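Trainee: Before I ask anything, here is the structure I am working with.
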Amino acid sequence: MVSASVTAYLCAKPSADAIDFYKRAFGGDEPGERILNEDGSIGHAEIVIGDTSLYIADEWPEGGHLSPQRLKGSPVSFVLAVEDADATFQRAVDAGATVDRPPMDEPYGRAGWVIDPFGHRWSVTSPLANGDT
């Protein structure tokens with residue numbers, strides 16, 4: 001088997017605001033320098049949430065890099081596994097996310113769904129308090 005990894009490349013409009021949101025809502029860190037285009041837009045940046053890196057950039061329609069706002073939604077959802085789904089969910093809402101579905105107990109754990117201000121949908125999950133997952 002070949003060693004491989006997958007990294008999501010998000011498009012956000014504006015991505016600088018998205019990076020700030022992911023820092024405040026999900027405890028993200030920006031480990032490197034942003035690569036800026038000639039017009040000042042972000043051509044590439046990285047945000048690390050927990051042990052996962054996400055790449056992010058502003059729209060580049062000529063290259064097919066379109067935001068959920070332009071597409072009127074996103075076909076992709078993110079699952080953010082945390083220790084306390086309720087606290088992280090509330091932090092995301094306080095940072096500007098829209099509640100899609102409040103946290104509730106499910107057979108696989110506690111989960112709630114938010115849509116971030118840039119149109120990306122996130123499931124915030126944690127194990128159930130009794131230790132079941």
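The values are calculated or read from the model by the stated rules, or taken from the named source; none is laboratory data. Source: prediction; values computed, not measured. Here the Cβ positions follow ideal geometry from the backbone for every residue, glycine too, while neighbour counts run over all protein chains shown.
Trainee: Got a sec? Which of Ser126, Ser74 is touching a helix residue (DSSP H, G or I) at 6+ places or on another chain (Cβ under 7 Å), of a type outside the set (Lys, Arg) and modelled with pLDDT under 95?
Mentor: It is Ser74.
Trainee: Okay, moving on. Regarding segment 25-33, can at least one residue be identified that is surrounded by 14 or more Cβ atoms within 10 Å (Cβ to Cβ), in a helix (DSSP H, G or I) and in contact with a strand residue (DSSP E or B) (Cβ under 6 Å, 6 or more places away or on another chain)?
Mentor: yes
Trainee: If we scan segment 55-68, do we find a residue that is surrounded by 13 or more Cβ atoms within 10 Å (Cβ to Cβ), touching an Asp or Glu at 6+ places or on another chain (Cβ under 7 Å) and charged (D, E, K, R)?
Mentor: Checked against the condition, which is being surrounded by 13 or more Cβ atoms within 10 Å (Cβ to Cβ), touching an Asp or Glu at 6+ places or on another chain (Cβ under 7 Å) and charged (D, E, K, R), segment 55-68 yields no hits at all.
Trainee: If you don't mind, another one. Report whether or not Arg121 is modelled with pLDDT of 95 or more and more than 18 Å from Ala8 (Cβ to Cβ).
Mentor: No: the conditions fail for Arg121.
Trainee: Another one. Being within 14 Å of the chain's Cα centre (by Cα), within 16 Å of Lys23 (Cα to Cα), of a type outside the set (D, E, K, R) and surrounded by 15 or more Cβ atoms within 10 Å (Cβ to Cβ) narrows it down to one residue among Trp122, Trp113; which is it?
Mentor: Matching residue, one of Trp122, Trp113: Trp122.
Trainee: Please give the number of the condition Lys72 fails out of (1) surrounded by 14 or more Cβ atoms within 10 Å (Cβ to Cβ); (2) more than 20 Å from Ile19 (Cβ to Cβ); (3) of a type in the set (D, E, K, R).
Mentor: Only one criterion in (1) surrounded by 14 or more Cβ atoms within 10 Å (Cβ to Cβ); (2) more than 20 Å from Ile19 (Cβ to Cβ); (3) of a type in the set (D, E, K, R) is unmet by Lys72, namely (1).
Trainee: In addition: For the structure I just gave you, tell me whether Ala81 is touching a helix residue (DSSP H, G or I) at 6+ places or on another chain (Cβ under 6 Å) and either at pLDDT below 95 or on the phi < 0 side of the Ramachandran plot (or both).
Mentor: no
Trainee: Can I ask one more? In segment 74-105, what residues are in a strand (DSSP E or B) and free of Cβ contacts under 8 Å to residues at least 12 places away in the same chain?
Mentor: Met104 - this is the single residue of segment 74-105 that is in a strand (DSSP E or B) and free of Cβ contacts under 8 Å to residues at least 12 places away in the same chain.
Trainee: Now a separate question. So how many residues does segment 106-133 have that are under 29 Å from Glu59 (Cβ atoms), in contact (Cβ under 8 Å) with a residue 24 or more places away in the chain and among the aliphatic types (A, V, I, L, M)?
Mentor: So the count comes out to 2.
Trainee: Here's another thing I want to ask about it. Restricting the search to segment 85-108, which residues are in contact with a helix residue (DSSP H, G or I) (Cβ under 8 Å, 6 or more places away or on another chain) and surrounded by 17 or more Cβ atoms within 10 Å (Cβ to Cβ)?
Mentor: If the condition is that a residue be in contact with a helix residue (DSSP H, G or I) (Cβ under 8 Å, 6 or more places away or on another chain) and surrounded by 17 or more Cβ atoms within 10 Å (Cβ to Cβ), then Thr88, Arg91, Ala92, Ala95, Ala97, Pro103 are the ones that fit.
Trainee: Applying the selection to segment 34-46, what residues are touching a residue at least 24 places away in the same chain (Cβ under 8 Å) and either in a strand (DSSP E or B) or among the β-branched types (Val, Ile, Thr) (or both)?
Mentor: Passing the criteria: Ile42, Ala45.
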